[in-house]
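Q: Have a look at the structure that comes next, please.
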Amino acid sequence: MTMTDVNDLVARAYGDPAVVGMVLTGSRARGLATRYSDIDLCVVVSERRESWWQGRRTAEVDAFVCTVDELADTSDIWQRYAFRGAQVLVDKLDGVIAQLVQRQAVPTQAEANTWAREGLDGYVNLLYRAAKSRRDGDLAAAALDIAESVSWLLTTIFALHGRLRPYNKYLRWELTTCPMGEPWSADTLPERLLHDPAGLFPDIERLARERGLADVLDAWGDDLHLLRQPRTA
């Protein structure tokens, strides 16, 4: 399927009264398509019914159907990033579809603060577990906890900047498109996350305290000292 085919789908959407919106997501929306990229489409309907607009997934197109109310539902945090950088192709509701897409892509300050607190606590928890395992000589358990900490760390970094955590595939794109400054550089952060996520703790601690989350860290009391000790293995 080519973008010409997408234009045909757009034309068909305009001619179908059940369809009120169509949104291009994924790599093609972000300008990152390769020869292997499919076309990701969100088709917004007024109500669910049997029609050719049922969601489908092939090697060429990945289309899912949702109602306006479902598009307005922001409870699925992981799914929300799909709308970051999305392109609204059809909006029969005078801008409502575009507004809902924007709402999905941009968290409120309250949402970001909640995610930052949860992410920070989870990150510290796993670093603490890893430090104890390393101290006790269980290097495999320590390595597994460090690897698991990356997801929490990414959530924390982006939430502290008022943003959604990107899918790993789009991490460099996100950091390049909307830079957050050092040490969160597109040139270095992915490698640091891969090779030494625990080494980012001082940077996270500094940022979290600047952003008013000192209480989350201080709740760990003296256990934080274990995280600050040099790692020899």
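Readers should treat all values here as calculations from the given coordinates under stated rules, not as data from a laboratory. In this text the structure is predicted, and so the values were computed from the model without any measurement. Here the Cβ positions follow ideal geometry from the backbone for every residue, glycine too, while neighbour counts run over all protein chains shown.
Q: Once phi is turned into ³J(HN,Hα) by the Karplus curve 6.51 cos²θ - 1.76 cosθ + 1.60 with θ = phi - 60°, what whole-Hz value does each residue of region 131-146 show in order, with x for glycine and proline?
A: 5, 5, 5, 5, 4, 8, x, 9, 6, 5, 4, 4, 5, 5, 5, 4
Q: Let me ask something else. Which is the longest part of the chain that has none of the GluC sites (Glu not before Pro) sitting in a DSSP loop with at most 14 other Cβ atoms within 10 Å?
A: On the way: sites that count: GLU47, GLU50, GLU60.
It works out to 61-233.
Q: Where does each of SER27, SER75, SER149 land when they are ranked from fewest to most other beta-carbon atoms within 10 angstrom?
A: Working: SER27 18, SER75 6, SER149 25.
Ranking SER27, SER75, SER149 by Cβ neighbours within 10 Å, fewest first, gives SER75, SER27, SER149.
Q: If you rank TRP220, TRP115, TRP78 by fewest surrounding Cβ atoms within 10 Å, what's the result? List each step's numbers first, then the result.
A: Numbers: TRP220 16, TRP115 21, TRP78 9.
Ranked by crowding around the Cβ, least crowded first: TRP78, TRP220, TRP115.
Q: Please report the relative contact order for the chain, taking Cα pairs under 8 Å with a sequence separation of at least 6, and give it as a percent rounded to a whole number. Intermediate values should be presented prior to the final figure.
A: On the way: 292 pairs, mean separation 34.4, N = 233.
Computed over the chain, the figure is 15 percent.
Q: Which trypsin sites (Lys or Arg not before Pro) does region 167-233 hold that lie in a coil by DSSP with at most 15 other beta carbons within 10 Å? It would help to have the intermediate numbers written out before the result.
A: On the way: sites: LYS169, ARG172, ARG192, ARG206, ARG209, ARG211, ARG228, ARG231; in loops: ARG211, ARG231.
Sites meeting the loop and neighbour criteria: ARG231.
Q: Lys/Arg Cβ at +1, Asp/Glu Cβ at -1, dipole of the chain taken about the Cα centre: which of VAL61, GLY221, ALA116 is farthest positive-ward?
A: Of the options given, the answer is VAL61.
Q: With only Lys, Arg, Asp and Glu charged, each at its Cβ (+1 for the first two, -1 for the last two), find how big the charge dipole of region 3-105 is about the Cα centre; round to the nearest 20 debye. Don't skip to the answer; put the middle values down first.
A: On the way: 12 positive and 15 negative charges, 61 e Å.
It comes to approximately 300 debye.
Q: What's the exposure ranking of MET22, MET180, going from fewest to most Cβ atoms within 10 Å? It would help to have the intermediate numbers written out before the result.
A: Working: MET22 25, MET180 17.
Neighbour counts put them in this order, fewest first: MET180, MET22.
Q: Rounded, prolate or oblate: pick one for the chain, where a ≥ b ≥ c are the square roots of the eigenvalues of its C-alpha gyration tensor, a/c under 1.5 means rounded, and failing that, prolate if a/b is larger than b/c, else oblate. Each step should come with its number before you reach the end.
A: Details: a/c = 2.72, a/b = 2.22, b/c = 1.23.
Prolate, since a/c reaches 1.5 and a/b exceeds b/c.
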